[in-house]
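The values are calculated or read from the model by the stated rules, or taken from the named source; none is laboratory data. Keep in mind it's a predicted model, so treat the numbers as computed, not measured. Cβ placement follows ideal geometry from the backbone for every residue including glycine, while neighbour counts extend to all protein chains displayed. Just so you know, the surface numbers come from the protein's heavy atoms only, side chains and all, with ligands and any DNA or RNA stripped out. Shrake-Rupley method; radii C 1.70, N 1.55, O 1.52, S 1.80 Å.
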Amino acid sequence: MAANSSSSSSSAVKMASDGLWQGENPLDFALPLLAVQIAVILAVTQGLALALRPLRQPKVVAEILGGILLGPSALGRWGAFRRTIFPEWSAAALDTVSGLGLLLFLLLVGLELDFHAVRRVGPRSVAVAAAGIVPPFLAAPGLVPLLRLAVPPAPGHHAAAFLPLCVFLGAALSVTALPVLACILKELGLLGMPFGETAMAAAAVNDVFAWALLALALAVSGGGGPRATPLAPVYILASGAAFVAFMLCALHPLMARLARRAGPDRADALASSGAVVACALLAGAATDAIGVHPVFGAFVFGLSMPREGGLAERAGEKVAPLVSGLMLPLYFATSGLHTNVDTVRGAVAWGMVALVVAVAFLGKFGGTFAVAALTGMARREAAALGVAMSAKGLVELIVLNIGKERKVLDDTTFAIFVIMALTTTVLATPFMTALYRSTPTATTPESDGTELKGGDACPA
């Protein structure tokens, strides 16, 4: 049955057509339409990436911009384009595929997170990370009342509860994108410098806090269903903690023992992409049942994979090409497709955009600059570090998308924070370039030993 009407249910949509010769339009059927959508998204985002390369912009900027251009803010205004390429009935399939890509990327993040590197970071990196997280996070409760005044709920819609909104906005304001930062530092030739090592180590610590904030946001935003009990968030937190404990304290030693018994020759079977992906999907299903997003389960499973004998590294190498080349760009572009800049209307709303950008940038910059300068870093390098830590990316979009799924963020708030993420990331490279026009100095005395893996350079 053709699906050219938005009123058709997704369950009634056939997978493939019988062909043009039999009078059927392939774009009225699920699989050929999804193939065309993915091809269009990749073509637009890759073209933008090439156009932005002279400006040294990270790939994530092109991918989000591509989604916004294809979405309701630009080409989506053209009714024929929207109905033909991105009809409403096809949204579930595209979102599911991009969500699967996100889940697999979080598996990679867990597989590649180096606990030893995080433990080796010096006190300066920990202090810089904390200084970049605390001020913007604490600014969120002050932003919420202003946001509600500037962007009141639409008629018939209820405002989100104060605590979940504060946690989601605080997490979105305070995170730093480690892959984006790595890309910027690589472009400027700073990865091998002591400055680059300190920045990467601080961003790695920030990443650990970011995932903890995301888990907290997922817990406090639960319990809103019609059958939920008032203690649902407590149950979610307790169940999530039990899941993490089981994965790290029971499953991790078991897999390490199996890997040792199998030996290096047979360990490849344990690290096969099929087995690892299947386990990550099951872990995601388990955390979804708990009330936490499936991506958290995949991330924790990645953490639980043994590092001994290169098991986690081999598993990551097998999954990475598909995720970084196809699935992750699709997720970023889909986030852009869901962003409708037209919902930000009027001087007050755009003033709120400017305020959010200022809080996100100045909160990160001010705290980072102050602590870096107080610990002996040259002012110019401290300023550059503050700019670098303000770059946003994957974690920011994960927080925003989950907040939108949980009905904590409405369309306008979501658009405001996507604009903020784009603005702070776009500004990071030219500001860093301006600060490092001459040969950078190596005044940073602390070397944290954090290395960038080859696949992490500029994936997002």
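Annotations for the structure displayed:
- Single residue of A172, A160, A203 found to be more than 29 Å from F301 (Cβ to Cβ), small (G, A, S), open to solvent by less than 40 Å² (accessible area, probe 1.4 Å) and modelled with pLDDT of 80 or more: A160
- Residues satisfying the stated conditions in the stretch 277-311, i.e. among the small types (G, A, S), closer than 15 Å to L237 by Cα and assigned to a helix (DSSP H, G or I): A286, A289, G297
- Neighbours by Cβ (under 6 Å, 6+ apart or cross-chain): first from the stretch 46-60, within 17 Å of V180 (Cα to Cα); second modelled with pLDDT of 85 or more: L48/A62; L48/L65; L48/G66; A49/A62; L52/A62; K59/A49
For every residue, the table says whether it meets (1) of a type in the set (V, I, T); (2) part of a helix (DSSP H, G or I); (3) surrounded by fewer than 19 Cβ atoms within 10 Å (Cβ to Cβ); (4) not assigned by the TED database to the domain that holds L185.
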position: V36; (1), (2), (3), (4): yes, yes, yes, yes
position: A39; (1), (2), (3), (4): no, yes, yes, yes
position: V44; (1), (2), (3), (4): yes, yes, no, yes
position: Q57; (1), (2), (3), (4): no, no, no, yes
position: I68; (1), (2), (3), (4): yes, yes, no, yes
position: F81; (1), (2), (3), (4): no, yes, yes, yes
position: T84; (1), (2), (3), (4): yes, yes, yes, yes
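- Test: S17 is modelled with pLDDT of 85 or more, assigned to a loop (DSSP other than H, G, I, E, B) and not aromatic (F, W, Y): no
- Subset of the stretch 364-379 [open to solvent by 30 Å² or more (accessible area, probe 1.4 Å) and farther than 24 Å from L422 by Cα]: A370, V371, A373, L374, T375, G376, A378, R379
- Residue within the stretch 398-406 that is modelled with pLDDT under 85 and not in a helix (DSSP H, G or I) present: yes
- Residue-level check: of (1) closer than 30 Å to L147 by Cα; (2) open to solvent by less than 40 Å² (accessible area, probe 1.4 Å); (3) free of Cβ contacts under 8 Å to residues at least 40 places away in the same chain, A382 misses just (1).
To keep it simple, each residue is scored yes or no on (1) modelled with pLDDT of 90 or more; (2) in contact with a helix residue (DSSP H, G or I) (Cβ under 7 Å, 6 or more places away or on another chain).
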residue: L251; (1), (2): yes, yes
residue: D265; (1), (2): no, no
residue: L270; (1), (2): no, yes
residue: A275; (1), (2): no, no
residue: A280; (1), (2): yes, yes
residue: A283; (1), (2): yes, yes
residue: E308; (1), (2): no, yes
residue: A312; (1), (2): no, yes
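- Count of the stretch 184-209 residues, restricted to those that are part of a helix (DSSP H, G or I) and either touching an Asp or Glu at 6+ places or on another chain (Cβ under 9 Å) or not assigned by the TED database to the domain that holds V387 (or both), is 8.
- Each residue in the stretch 92-115 was checked for being open to solvent by 40 Å² or more (accessible area, probe 1.4 Å), in a helix (DSSP H, G or I) and over 18 Å from A215 (Cβ atoms), and 6 of them qualify.
- Verdict on V319 being part of a helix (DSSP H, G or I) and over 24 Å from E197 (Cα atoms): yes
- Qualifying residue in the stretch 100-115 (condition: under 30 Å from A434 (Cα atoms) and within 17 Å of the chain's Cα centre (by Cα)): no
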